[in-house]
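Down below is the structure, laid out as C-alpha cells.
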Amino acid sequence: MKKLILAAITSTCALSVVAQGTVAFSNRSAGGTTHVWTGGSLGQYQGNGSNDSPTGSVGYASLGLHLVGTIGGGGGGLAEAQHTFAQLLGAPGSGAPESSLLPGLGVTTFRTGGAAGNVVLITSTFNNIAPDAPVGTFEMVVWNNSSGLYPTWTQASIAFQLGLIEAGRSAPFVLQNIGGSVNTPPNLNPALTSFNIITDIPEPATVALAGLGAAALFIVRRRR
C-alpha cells in the first residue's frame, strides 16, 4: 500500500513538472529583432527603433543610449552583458493585467558584439500557464545585477523600487500557441518591442525622505 501511495505521489509530482507552458526567450529570432538599451539620465522608452525588425521611430541612439553589452569592460562590453539580467513575466489569456504577471523559470544575460542588446537564448517555463495554452500575456524585465545580490526579478523589483539598482521593462505583449507537448515554444518577436533600462533612479535617501513626507502629510490630515 505504501508503495502505491509513493508511486502516486511521484507520478503527480512528475506531471506537475511537465505541466508548464514554455516560451523561447530571445529577442533575436527569425520573427524579428528587438534590443534593450541603457545609459543616460532618461525615463522609460518602449518601442522599436531604426535598427529593429520591424523598424520603429524611437531614436534610442540619438537620446544618448547604448545597447546593453557595448560598454562596461573588455571583450566588447562583456562585463555589462554578463551583469545585466533578464527574465520573462507571464499570465494566461490575452490582455492580462500587469499585476497578474508572474516570473517564469529561467534568467538569462546578454550577448556582445553584433548581437549586443540581445539576450542569450533560453527556454522560459511558466507554472501559471498551461502547456499548449492558446494565448498568454508577457512582459520582459531587465536589471543590473553587478552586485550579485539580485539573481531574480523577485528580489530585483524590490531593490529597483528602493532606488538601489537600474531596471526596465518592456510593454506587455501577447503570444499565441504557448509551448507544450504539441506546440513548440513561440518566439517573442515580432510581438515584443524594444525598450531601455532606467538609469536615472532616485537615491535611497530621497526615497526615504519622500516616504517620510507622505507619512507626515497623512498624519496632519488625520488630525484635521
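With a cut-off of 19 Å on the backbone N, the residues of the range 123-145 near the modelled label site 7 Å out from I71 along Cα-Cβ are 142-145.
Here the Karplus relation 6.51 cos²θ - 1.76 cosθ + 1.60, evaluated at θ = phi - 60°, turns the backbone of the range 121-128 into coupling constants of 4, 9, 9, 9, 10, 10, 5, 9 Hz, with x for every Gly and Pro. Annotation: amide H of T33 within the under-5 Å range of S53, sequence separation 5 or more or interchain, hydrogens built in the peptide plane. On a C-alpha basis, how far is the centre of the range 163-182 from the centre of the range 78-146 in Å? Whole number, if you could? The distance from the Cα centre of the range 163-182 to that of the range 78-146 comes to 5 Å.
Remark: the Cα gyration tensor places the range 19-223 in the oblate category, a/c being 1.5 or greater and a/b not exceeding b/c. List the residues of the range 114-138 whose backbone N lies under 19 Å from a point placed 7 Å from the Cα of A30 along the Cα-to-Cβ direction. Hits in the range 114-138 for A30 at 19 Å: 121-124.
The H on the amide N of F25, modeled in the peptide plane, is under 5 Å from the matching H of I122, T123, S124, each at least 5 residues off or on a different chain. What the phi angles of the range 105-117 give under the Karplus curve with 6.51, -1.76 and 1.60, with θ = phi - 60°, is a coupling list of 6, x, 10, 10, 10, 10, 9, 10, x, x, 9, 4, x Hz, glycine and proline written as x.
Laboratory data are not the source of any read-out in this text; all were calculated from the coordinates shown. This one's a predicted model, so the numbers in the text were calculated from it and none came from an experiment. No Cβ is skipped: glycine too gets one built from the backbone with ideal geometry, and neighbour counts run over all protein chains shown.
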